[in-house]
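What follows is one structure encoded as structure tokens, with my remarks underneath.
The values are calculated or read from the model by the stated rules, or taken from the named source; none is laboratory data. What you see is a predicted model; the values in this text were computed from it and never measured. Note: ideal-geometry Cβ built from the backbone for every residue, glycine included; neighbour counts use all protein chains shown.
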Amino acid sequence: MNEQTVPAGTITDEEFQRRVSEIIGKLRPFLQYDGGDIEILGFEGRNVRVRLVGACAGCPSAVITLRYSIEQKLRDEVPEFGDLIEDTVPAGPSLHDML
């Protein structure tokens, strides 16, 4: 995780969350074009927990999308940003569980 500390009072939590949500909102159409999407699950300090869904969930390019597109854009535009934490879609029951 990013151990960078942010001086107190640099940006309010509300402003941080608004800016992150706005940036992700601008990137969302690119994911939706390919049949996927991104959900913001929550904020943990200056870290953001997200989940890729639809065609993006489990896609081999998902790591590249998260790290080199979404995370990089957040780092470029929100200096206070910490880490992007990926949450995965819970797996459904296995075939073994259904038998």
Original post:
Consider LEU74 against the criteria (1) surrounded by 12 or more Cβ atoms within 10 Å (Cβ to Cβ); (2) at pLDDT below 90: it satisfies all of them except one. Which criterion is unmet?
Top reply: (2)
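Please go through region 54-71 and give me each residue that is hydrophobic (A, V, I, L, M, F, W, C) and surrounded by 14 or more Cβ atoms within 10 Å (Cβ to Cβ), ordered by number.
Of all residues in region 54-71, those hydrophobic (A, V, I, L, M, F, W, C) come to 55-57, 59, 62-64, 66, 70.
Selection gives ALA55, CYS56, CYS59, ALA62, LEU66, ILE70.
Does region 27-55 hold any residues that are among the small types (Gly, Ala, Ser) and more than 10 Å from the chain's Cα centre (by Cα), and which are they?
Of everything in region 27-55, those that are among the small types (Gly, Ala, Ser) and more than 10 Å from the chain's Cα centre (by Cα) turn out to be GLY35, GLY36, GLY45, GLY54, ALA55.
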Original post:
Is it the case that some residue within region 18-26 is without any contact (Cβ under 8 Å) to a residue 12 or more places away in the chain and within 12 Å of the chain's Cα centre (by Cα)?
Top reply: yes
